[in-house]
Amino acid sequence: DTAVSQTPKYLVTQMGNDKSIKCEQNLGHDTMYWYKQDSKKFLKIMFSYNNKELIINETVPNRFSPKSPDKAHLNLHINSLELGDSAVYFCASSTTGGGNTIYFGEGSWLTVV
Amino acid sequence: ILNVEQSPQSLHVQEGDSTNFTCSFPSSNFYALHWYRWETAKSPEALFVMTLNGDEKKKGRISATLNTKEGYSYLYIKGSQPEDSATYLCAFRMDTGRRALTFGSGTRLQVQP
């Protein structure tokens, strides 16, 4: 059983489209995250939700909107996709607490053409 | 801006060699230091979470040490095997502010049989 699963794994889409990436965790965690792997291969935090509440919102364009329907899901919606949005997006989850392990999904490869 | 630096960027060793990498992070406002192992096209896999100065953790042939006062952590691999080939990431978490993980860019290890 995959602990943190994201779909789709690969997504190729045209500029201007709206797309979503879904994430689900079956670990019973109360905190979920979206990270983006940038062009220099760094993993950078985008959003964090705790018990369905947004607690971290880094400086990302308004076109990116997370939605957490329940503690086990955190979806990422991207409107009006741009070429620069091409990247690998990772979902992750953990229990509350900075010393707790964060579990990652396998990543979603987004290519905007 | 938090700086988490890892060195070397990449490393090629022969099977059986022992090796180590360095992670440098801010020495103030320390909360936790995470190490991850990341194989291409897979999820980053947690190795260690370290929270106390002087912590030493071990998992099989892999071990890590932590010095929060000077802001560094070492990851050691004893008797490297080809299956150890991966990128090793460290991530730092502050005890103030947004408390998200800040990742280094990783050390890419290749172990030649």
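The values are calculated or read from the model by the stated rules, or taken from the named source; none is laboratory data. Because the structure is predicted, anything quoted here is derived from the model rather than measured. Here the Cβ is made from the backbone with ideal geometry for all residues, glycine too, and neighbour counts use every protein chain on show. These area figures cover heavy atoms from the full protein model, side chains too; ligands, DNA and RNA do not enter into them. Shrake-Rupley method; radii C 1.70, N 1.55, O 1.52, S 1.80 Å.
Using the per-residue mean of other Cβ atoms lying within 10 Å as a proxy for protection, in what order, highest first, do the peptides B:35-47, B:6-18 fall? Walk me through the numbers on the way to the answer.
Working: B:35-47: 17.9, B:6-18: 13.1.
Averaged packing, sorted descending, gives the order B:35-47, B:6-18.
For the pair residue B:18 and residue A:15, what calculated FRET efficiency results from E = 1/(1 + (r/R0)^6), where r is the Cβ-Cβ distance and R0 = 45 Å, to the nearest 0.05? Mind showing how you got there, number by number?
Details: r = 49 Å, r/R0 = 1.09.
Efficiency, from the Cβ-Cβ distance: 0.35.
For segment A:1-76, what does the convex hull of the Cα positions come to per residue, in cubic angstrom? Working shown, then result.
On the way: hull volume 8.4 nm³, N = 76.
So the per-residue Cα hull volume is 110 Å³.
If you place +1 on the Cβ of every Lys and Arg, -1 on the Cβ of every Asp and Glu, and leave all else neutral, what size is the dipole of segment B:32-113 about its Cα centre, to the nearest 20 Debye? Display every interim value, and only then the final one.
Numbers: 12 positive and 8 negative charges, 21 e Å.
Approximately 100 debye in magnitude.
Just by accessible area at a 1.4 angstrom probe, what is the order of A:18, B:84, A:38 from largest to smallest? Provide the component values of the computation, followed by the final result.
On the way: A:18 95, B:84 10, A:38 35 Å².
Reading off the accessible areas and sorting them downward yields A:18, A:38, B:84.
Using a 1.4 angstrom probe and counting only protein chains, how large is the accessible area of residue B:25 in Å², to 10?
Spelled out: residue B:25, probe radius 1.4 Å, area about 10 Å².
Could you give the size of the charge dipole of segment A:6-113 about its Cα centre, using +1 on the Cβ of each K and R and -1 on the Cβ of each D and E, expressed in debye and rounded to the nearest 20?
On the way: 11 positive and 10 negative charges, 28 e Å.
That gives segment A:6-113 a dipole magnitude of about 140 debye.
Sketch the reach of a paramagnetic label on residue B:2 as a point 7 Å from Cα along Cα-to-Cβ, and name the residues of segment B:73-88 whose backbone nitrogen lies under 15 Å away.
From segment B:73-88, the list is B:73.
Would you rank B:72, B:88 by solvent-accessible area, highest first, keeping every protein chain in place and using a 1.4 Å probe?
On the way: B:72 60, B:88 0 Å².
The ranking, largest first, comes out as B:72, B:88.
Per residue, what volume in Å³ does the Cα convex hull of chain B take up?
For chain B, the hull spanned by Cα atoms encloses 93 Å³ per residue.
Per the Kirkwood treatment, what hydrodynamic radius in Å, one decimal, follows for the protein assembly as shown from the mean inverse distance over all distinct Cα pairs? Could the numbers behind the result be given before it?
Values: mean 1/r = 0.0552 Å⁻¹.
Result for the protein assembly as shown, one decimal place: 18.1 Å.
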